[in-house]
1. Select from segment 19-35 the residues that are out of contact with any helix residue (DSSP H, G or I) (no Cβ under 6 Å at 6 or more places or on another chain) and either surrounded by fewer than 18 Cβ atoms within 10 Å (Cβ to Cβ) or β-branched (Val, Ile, Thr) (or both) and list them in ascending order.
2. Where the second residue is among the acidic types (Asp, Glu) and part of a helix (DSSP H, G or I) and the first is open to solvent by 10 Å² or more (accessible area, probe 1.4 Å) and lies in segment 361-381, which pairs have Cβ atoms under 8 Å and are six or more apart or on separate chains?
3. For segment 211-227, state whether one or more residues are part of a strand (DSSP E or B), more than 26 Å from the chain's Cα centre (by Cα) and not polar (S, T, N, Q).
4. Here are Phe173, Phe206, Phe150: which of them is in a strand (DSSP E or B) and surrounded by 17 or more Cβ atoms within 10 Å (Cβ to Cβ)?
5. Among the numbered criteria (1) at pLDDT below 95; (2) touching a helix residue (DSSP H, G or I) at 6+ places or on another chain (Cβ under 9 Å), which one does Ser294 miss?
6. Only one of these is part of a loop (DSSP other than H, G, I, E, B) and open to solvent by 10 Å² or more (accessible area, probe 1.4 Å): Glu433, Glu406. Name it.
7. Being in a loop (DSSP other than H, G, I, E, B), at negative phi and surrounded by fewer than 21 Cβ atoms within 10 Å (Cβ to Cβ) narrows it down to one of Pro384, Pro443, so name that one.
8. For segment 535-549, which positions are surrounded by 13 or more Cβ atoms within 10 Å (Cβ to Cβ) and under 15 Å from Ala373 (Cα atoms)?
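The values are calculated or read from the model by the stated rules, or taken from the named source; none is laboratory data. Only a predicted model underlies this, so the values are computations on that prediction, with no experimental measurement involved. So basically every Cβ, Gly included, is an ideal-geometry build from the backbone, and we count neighbours across all protein chains shown. Surface areas here come from the heavy atoms of the whole protein model, side chains and all, with no ligands, DNA or RNA. Shrake-Rupley method; radii C 1.70, N 1.55, O 1.52, S 1.80 Å.
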Amino acid sequence: MAGSNDQWWRDAVIYQVYPRSWADSNGDGIGDLPGITARLPHLADLGVDAIWLSPFYTSPQHDAGYDVADYRDVDPVFGDLAAFDELTARAHGLGLRVIVDIVPNHSSDEHVWFRAALASPPGSPERARYIFRDGRDGGEQAPNNWQSLFGGPAWTRVTESDGSPGQWYLHMFDTTQPDFDWTNPEVRAELEDVLRFWLDRGVDGFRIDVAHGLVKADGLPDADLDHDRHADTTSLAPMWDQPGVHEIYRGWRRITDSYSLEGQDADRILCAEAWVLPAEALAQYVREDELHQSFNFEYLMTPWLAADQRATITHSLAQAEAVGAPQTWVLSNHDVVRHATRLGYPQLPGLQKIEGIGADDPQPDAALGLRRARAATTVMLALPGSAYLFQGEELGLPEATRLPDEVRQDPTFARTNGESTGRDGCRVPVPWEGGVPSYGFGPGDQSWLPQPPEFGVLAADRQRHVAGSTLELYRTLLAVRRELRLGRGSLTWLEDHPEDVLAFTVTSTKGSVTVLANLGALPLPLPDGASVLASSQPLEPGAPLGTDEAVWLQP
């Protein structure tokens with residue numbers, strides 16, 4: 001870790017660890033904190049700057065830990081606070097910072113606050129911590145027409161203590177995830193105290209779940225359910241991207257800044273998961289007095305087409321620069337189809353989001369998807385700003401597209417009666433060793449989701465120090481990126497190339513690279529005498545750049 005306050009986050013590469021699926025230390029088939037600790041050297045060797053841990057808090061696990069029952073403790077399935085402290089110390093010893101998830105939009109229905117709310121009458125202080133409302137039509141109908149992102153209505157009616165049908169509570173996700181009421185000062189104070197609890201334990205920052213959802217429009221008006229009419233402007237939906245969220249994050253920024261100013265070794269950061277359009281609105285989250293980073297989901301959803309890529313990159317950089325923030329690039333995470341699979345489908349103009357893939361759905365071209373994914377990552381890791389990686393992408397892991405329905409655990413699958421496949425396919429446990437039970441995920445053959453057979457040849461031990469492997473490509477890209485400080489550089493497009501080629505230079509105080517990505521059908525000759533720093537596919541001297549290949553050249 002840097003020893004000075006150098007705003008490390010501006011060009012950091014941060015690696016997402018999904019605890020259930022990273023490494024299992026005790027053989028129960030579920031990943032845990034000791035398992036993560038044992039595998040941290042893999043990430044130090046990979047060359048990332050920090051890890052982001054998805055939730056490990058006490059939870060009934062109805063939504064894989066995003067239903068938090070106790071924000072200040074570790075769920076026994078993952079370990080305990082001592083195991084967390086050991087993980088943090090080991091990570092810091094390896095030069096890795098630690099970012100943890102914070103889930104402020106909603107709690108679990110097993111949280112002590114929500115249990116108290118159910119035991120208390122309408123209008124009570126206990127209910128005021130959540131969004132309880134009387135129903136319409138004499139209480140028989142939900143307070144408005146909002147729909148849960150997991151399918152079905154966003155409201156559930158409770159039974160009062162006397163046995164009568166009662167009020168309704170809002171849950172924008174599962175019924176077991178009631179939304180907090182952020183107009184209540186008690187809610188704000190509680191979550192701020194949670195931040196301080198983990199900062200005191202040494203964490204380096206927070207990834208904020210559903211950062212754009214904490215504040216709802218006054219009066220909770222009905223929503224326009226024709227999503228196409230507000231697809232390009234998120235704030236038109238009354239439950240998302242409302243102006244009041246920004247004051248909350250100014251308060252959070254003051255907290256993290258106070259830790260940075262108290263002699264700590266570097267900034268403590270805040271990163272938003274905010275599915276917000278347009279880019280100008282997303283940029284408001286990373287103004288100087290708010291959050292440090294916000295995932296660029298527009299980039300994630302941009303198809304592998306040169307014109308679309310160029311437009312998104314250009315616009316994204318301009319909007320971040322307008323508020324003095326770095327852009328934050330991402331291609332995969334625990335909520336979306338892995339890009340090694342997503343890019344194996346035909347690419348069409350316009351933003352693309354695949355909700356999930358089942359065994360009966362059209363299957364991707366796996367070889368094409370991996371080829372494009374390697375090229376897309378080669379482009380992304382050259383871009384100015386920070387970047388996030390999702391566990392296993394450095395191995396070229398595909399989505400598990402043929403999971404049997406009976407093993408699926410994502411609540412979206414159940415709430416939609418199977419109409420939505422859900423997100424289990426990207427969450428399958430990581431393979432560490434080919435040819436052994438659970439591919440080395442744990443000491444036995446247990447795995448909470450079944451691993452597909454192709455994971456065996458993609459295991460980390462089958463790729464380490466193997467020239468041309470996806471793992472070695474990532475290691476090379478990250479090493480060159482760090483050496484040349486490309487994340488601190490500036491991008492200039494090169495115009496003298498075919499329209500289906502991405503061509504740009506990135507120049508920093510430490511050097512520069514020329515990036516070429518061939519998204520067209522014809523081979524692209526490379527400049528005479530060019531020195532290749534990294535290439536998405538093995539490249540023979542003097543050979544042209546093939547279709548769906550990318551390269552870094554030394555100018």
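1. Our first condition is that a residue be out of contact with any helix residue (DSSP H, G or I) (no Cβ under 6 Å at 6 or more places or on another chain); within segment 19-35, this holds for 19-21, 26-29, 32, 35.
Asn26, Gly27, Asp28, Gly29, listed by residue number.
2. From segment 361-381, the pairs are Ala366/Glu454.
3. Initial filter on segment 211-227 (part of a strand (DSSP E or B)): none.
There is no residue in segment 211-227 that is part of a strand (DSSP E or B), more than 26 Å from the chain's Cα centre (by Cα) and not polar (S, T, N, Q).
4. Working: Phe173 fails: in a strand (DSSP E or B); Phe150 fails: in a strand (DSSP E or B).
Just one listed residue meets the conditions, Phe206.
5. Of the numbered conditions (1) at pLDDT below 95; (2) touching a helix residue (DSSP H, G or I) at 6+ places or on another chain (Cβ under 9 Å), the odd one out for Ser294 is (1).
6. Working: Glu406 fails: part of a loop (DSSP other than H, G, I, E, B).
Result of the check over Glu433, Glu406: Glu433.
7. Working: Pro384 fails: surrounded by fewer than 21 Cβ atoms within 10 Å (Cβ to Cβ).
Answer to the selection: Pro443.
8. Ser535, Ser536, Gln537, Gly546, Thr547, Asp548, Glu549
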